[in-house]
Amino acid sequence: MIDPILIERAELRVITLPLHRPFVTSFGVQRERELVLVRLFTNLGEGWGECPSLAEPVYTHEFTAGALAVLRDHLLPRLAGPIAGPSRVAPALAGVKGHRAAKSALEMAVLDVWLRARSTSLADHLGAERTRVAVGVSIGIHETIPGLLADVEKKIAEGYARIKLKIRPGWDVEPVRAVRKRFGDDVPLQVDANAAYALSDARRLAELDEFGLLLVEQPLAEGDLVQHAELARRLRTPLCLDESIESVHDTAAAIALGSCRIVNIKPGRVGGYLEARRIHDLARANGVAVWCGGLIESGFGRAANLALAGLPGFVLPGDTSPSLHYFPFDVTAPFEMADGHIDVPAGPGLGVEPDPEGLGRATARRETVVVGR
Ligand code: NPQ
Ligand code: MG
């Protein structure tokens, strides 16, 4: 038996990672990746967690300043007593509504501490069965079709196992047609609308059916489970939900309604890696495919996502691109892709260590929160 975890203090760090190029989606232009890292100091040692919220509340309601406030004032105080294990974190935080990305950071840091103390990797703890996972890439909205084609050509040459194009009204059928025409029907291809359409766009979206896409991700608004079910009846291309799925509860509703045939699982969106595993288990039991999404995480979140993506129900390539695809440097040793795959981290806990140089360069500000003694 291992002692319960006692958190002494937490360091909250805002980091900014520059992006090689602006990332354009239907919710706006991202020029850099700002997020919050949590480092827990406990009786059993240290652990790292990542809160993959954005600087502004444009993708979900969470954002940097809100995440800092909720972590400091509402979540960390709820972890002041002994914690028997990682599975006790979510119940301790359940009194706070929402803020799933912030909650996921704390559960992740507790997992890191606890698994290091037992010399177990996150991949083994979650039940991963693969030692390497297939990797896809997410390509932002371009100004021109030739610019898009040049980007896609590079990514195919780099060996990605699948290409995802961001779409929005005015940038949908034509870019997909152009990619198919230039690179053929064998390229595994999918699109992501980030909730930019309405059910009244069903006919436009049905024009995508002729291109043999793997899936259309989150065409309609977050709350539109019923509308997605109706849209699913009008399209041949499988629907995949991202923003609509915040919990295993939402997943059950989506499956019952027929809102999707595929789920993008992002631990930061659903409150943590343990809820992510429950979603995986439910989907798998119902014949619904899942894949690991990405929120342009730093090396910490990337490591944990790769562990999750090793579970058997993750049957499609993930948005788990190598670190240096997005950033010139990272806060851990960068993950590298070979042959369209990245190795699942095998070391204890998250299996990654902070890189002091990268962490120093990325850190914009930090504060310490005293939790208990
Ligand atoms: C998605 N991710 O699947 C998200 C959207 C997203 C890899 O497409 C900074 C820059 C933060 C871009 C968070 C991918 C972001 C971002 C999320 C894109 O919907
Ligand atoms: Mg998405």
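The values are calculated or read from the model by the stated rules, or taken from the named source; none is laboratory data. Worth saying up front: this structure is predicted, and the values here are computed from it rather than measured. FYI the Cβ positions are ideal-geometry reconstructions off the backbone, even for glycines, and counts take in every protein chain you see. With ligands, DNA and RNA removed, areas are computed over all heavy atoms of the protein, side chains included. Shrake-Rupley method; radii C 1.70, N 1.55, O 1.52, S 1.80 Å.
Structure values in brief
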read-out	value
Residues being in contact with a Lys or Arg (Cβ under 8 Å, 6 or more places away or on another chain) and either open to solvent by 40 Å² or more (accessible area, probe 1.4 Å) or hydroxyl-bearing (Ser, Thr, Tyr) (or both) - total across the range 79-91	1
Residue that is least open to solvent (accessible area, probe 1.4 Å) [pool: residues in the range 193-243 that are more than 14 Å from ligand 1 (Cβ to nearest atom) and of a type in the set (S, T, N, Q)]	Thr237
Unmet requirement for Gly310, which otherwise passes all of (1) in contact (Cβ under 8 Å) with a residue 40 or more places away in the chain; (2) surrounded by 23 or more Cβ atoms within 10 Å (Cβ to Cβ); (3) part of a helix (DSSP H, G or I)	(3)
Scan of the range 157-192 for residues that are basic (Lys, Arg) and either buried (at least 21 other Cβ atoms within 10 Å of the Cβ) or within 14 Å of ligand 2 (Cβ to nearest atom) (or both), ordered by number	Arg162, Lys164, Lys166, Arg168
Residue within the range 95-118 that is in contact (Cβ under 8 Å) with a residue 60 or more places away in the chain and surrounded by fewer than 18 Cβ atoms within 10 Å (Cβ to Cβ) present	yes
Residue that is modelled with the highest pLDDT, among those in the range 39-69 that are aromatic (Phe, Trp, Tyr) and buried (at least 20 other Cβ atoms within 10 Å of the Cβ)	Trp48
Subset tally (residues that are assigned to a loop (DSSP other than H, G, I, E, B) and either hydrophobic (A, V, I, L, M, F, W, C) or surrounded by fewer than 17 Cβ atoms within 10 Å (Cβ to Cβ) (or both)) for the range 349-361	3
Any hit, the range 25-38, residues being surrounded by fewer than 20 Cβ atoms within 10 Å (Cβ to Cβ), in contact with a Ser or Thr (Cβ under 7 Å, 6 or more places away or on another chain) and in contact (Cβ under 8 Å) with a residue 12 or more places away in the chain	yes
Tally, over the range 1-44, of residues that are within 16 Å of ligand 2 (Cβ to nearest atom) and of a type in the set (D, E, K, R)	1
Within the range 1-57, tally of residues that are outside any strand (DSSP E or B) and closer than 22 Å to Ile83 by Cβ	7
Sole residue being modelled with pLDDT of 95 or more, in contact with a strand residue (DSSP E or B) (Cβ under 7 Å, 6 or more places away or on another chain) and away from ligand 2 (no atom under 16 Å from the Cβ), chosen from Gly293, Gly287, Gly299, Gly272	Gly299
Qualifying residue in the range 208-231 (condition: of a type in the set (A, V, I, L, M), under 26 Å from Gly49 (Cα atoms), away from ligand 2 (no atom under 16 Å from the Cβ) and modelled with pLDDT of 95 or more)	no
Unmet criterion (only one of (1) outside the structural domain of Arg180 (by TED's automatic domain parsing); (2) part of a loop (DSSP other than H, G, I, E, B); (3) within 16 Å of ligand 2 (Cβ to nearest atom); (4) of a type outside the set (Phe, Trp, Tyr)) for Gly95	(3)
Within the range 313-341, considering residues that are touching a Leu at 6+ places or on another chain (Cβ under 6 Å) and of a type in the set (A, V, I, L, M, F, W, C), the one surrounded by the most Cβ atoms within 10 Å (Cβ to Cβ)	Val331
